[in-house]
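The values are calculated or read from the model by the stated rules, or taken from the named source; none is laboratory data. This structure is a prediction, so every number in the text was calculated from the model and none was measured. With ideal geometry, Cβ positions are generated from the backbone for all residues, glycine too; neighbour counts draw on all protein chains shown.
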Amino acid sequence: MTEPEDIYDSPELYDMLSTGVPGDVAYFSKLAKQAKRVLELATGTGRVTIPMARAGAKVTGIELRDKMLAAADEHLSAEKPEVRQRVELFQGDMRAFDLGKTFPLIVIPFRAFQHLIDVRDQRACLECCRDHLTRQGSLVINLFDPNLKILASSLAPNATASRKVGEVELKGGERVVAFATRTSCPEEQWFEEDWVYECFDKGGRSQWRRSRKFRLRWFGRYEMEHMFELCGLEVEKLEGGFKGQAYHHGGEQIWTVRRV
Ligand SMILES: C[S@@+](CC[C@H](N)C(=O)[O-])C[C@H]1O[C@@H](n2cnc3c(N)ncnc32)[C@H](O)[C@@H]1O
């Protein structure tokens, strides 16, 4: 069997089913509008970037993968000129960037920080963020809060069973269905998911099937608090969802932190 490719080499598959966390676009757009200028790390195909610019903010974005960046450029080209003018996107690494200026708001939406598996990489990213924040500026990071039941189930003997993770209808009426299998490494706090996307025509006949993978690190609440402190950042608040939910086990971690 051939090894699945990385999901970020296929932005069209990413866009089909990676619709973010409920409420995240409105949440980040509101913050960006208030801040007027925002730096977004790991912009992907511009899912949050473009709405923040539509809300009136000047958005600087950094994204590692050229295909994701090209897809963002394409989405942006469909926007009104005033929105396009408010966005500047760079290919770069959130672990090592130096833009030579500071921002009143830096955001890392939709678990992108969880792609940093190694503690040195996580610290390098947070230190770069700290150095790019204005004195009163805020860094807002969204992670999922590790759900112990879900994590434990991926260690169970039948853990290789695949589960349906999404379904979408394409413009031509075809349906794409995705199933995922998960492999976990609890010692290093990460899991890898292989997603199999299969497209069916209107008659239910399979048209194509493609496998893509990604790896995510999970973070405990207090681990994050300690890491922020080590990186010269202090916690202003921790929320549990984008619709005002309090922090709770297995929900979201939405951190707002500032420079010490
Ligand atoms: C879950 S997607 C989020 C994309 C977008 N922010 C959204 O909300 O849809 C994670 C993104 O992080 C990017 N990424 C992963 N590691 C990165 C790094 N070291 N520096 C910059 N971007 C990175 C990936 O290429 C991918 O586009």
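Yes/no per residue for (1) closer than 22 Å to ILE106 by Cα; (2) crowded, with 16+ Cβ neighbours inside 10 Å; (3) touching an Asp or Glu at 6+ places or on another chain (Cβ under 8 Å); (4) not hydrophobic (A, V, I, L, M, F, W, C):
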residue: GLU5; (1), (2), (3), (4): no, no, no, yes
residue: GLU12; (1), (2), (3), (4): no, no, no, yes
residue: ASP15; (1), (2), (3), (4): no, yes, no, yes
residue: GLY20; (1), (2), (3), (4): yes, yes, no, yes
residue: ALA26; (1), (2), (3), (4): yes, no, no, no
residue: LEU31; (1), (2), (3), (4): yes, yes, no, no
residue: LYS36; (1), (2), (3), (4): yes, no, no, yes
residue: LEU39; (1), (2), (3), (4): yes, yes, no, no
residue: ALA42; (1), (2), (3), (4): yes, yes, yes, no
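Given the residues GLU12, GLU82, which is the only one that is more than 9 Å from the ligand (Cβ to nearest atom), over 24 Å from GLY241 (Cβ atoms) and in contact (Cβ under 8 Å) with a residue 12 or more places away in the chain?
GLU12
Taking residues in the stretch 201-218 that are in contact (Cβ under 8 Å) with a residue 40 or more places away in the chain, and partners anywhere that are of a type in the set (Val, Ile, Thr) and surrounded by fewer than 19 Cβ atoms within 10 Å (Cβ to Cβ), the pairs with Cβ atoms closer than 9 Å and at least 6 places apart or on different chains are ARG210/VAL196; SER211/THR2; SER211/VAL196; ARG212/VAL196; ARG215/ILE117; LEU216/ILE117; ARG217/ILE117. Number of residues in the stretch 165-202 that are closer than 20 Å to PRO146 by Cα, of a type in the set (D, E, K, R) and assigned to a strand (DSSP E or B): the value is 4. Taking the stretch 2-59 as the range and being more than 25 Å from ARG175 (Cα to Cα) and either of a type in the set (Asp, Glu) or at pLDDT below 95 (or both) as the test, the residues that pass are ASP24, GLU40.
If I filter the stretch 30-44 down to residues being in a strand (DSSP E or B) and of a type in the set (D, E, K, R), which single residue comes out as farthest from the ligand (Cβ to nearest atom)? Checking each candidate, the answer is ARG37.
Answer yes if at least one residue in the stretch 220-232 is more than 30 Å from GLN136 (Cα to Cα), modelled with pLDDT of 95 or more and not in a strand (DSSP E or B), and no otherwise.
no
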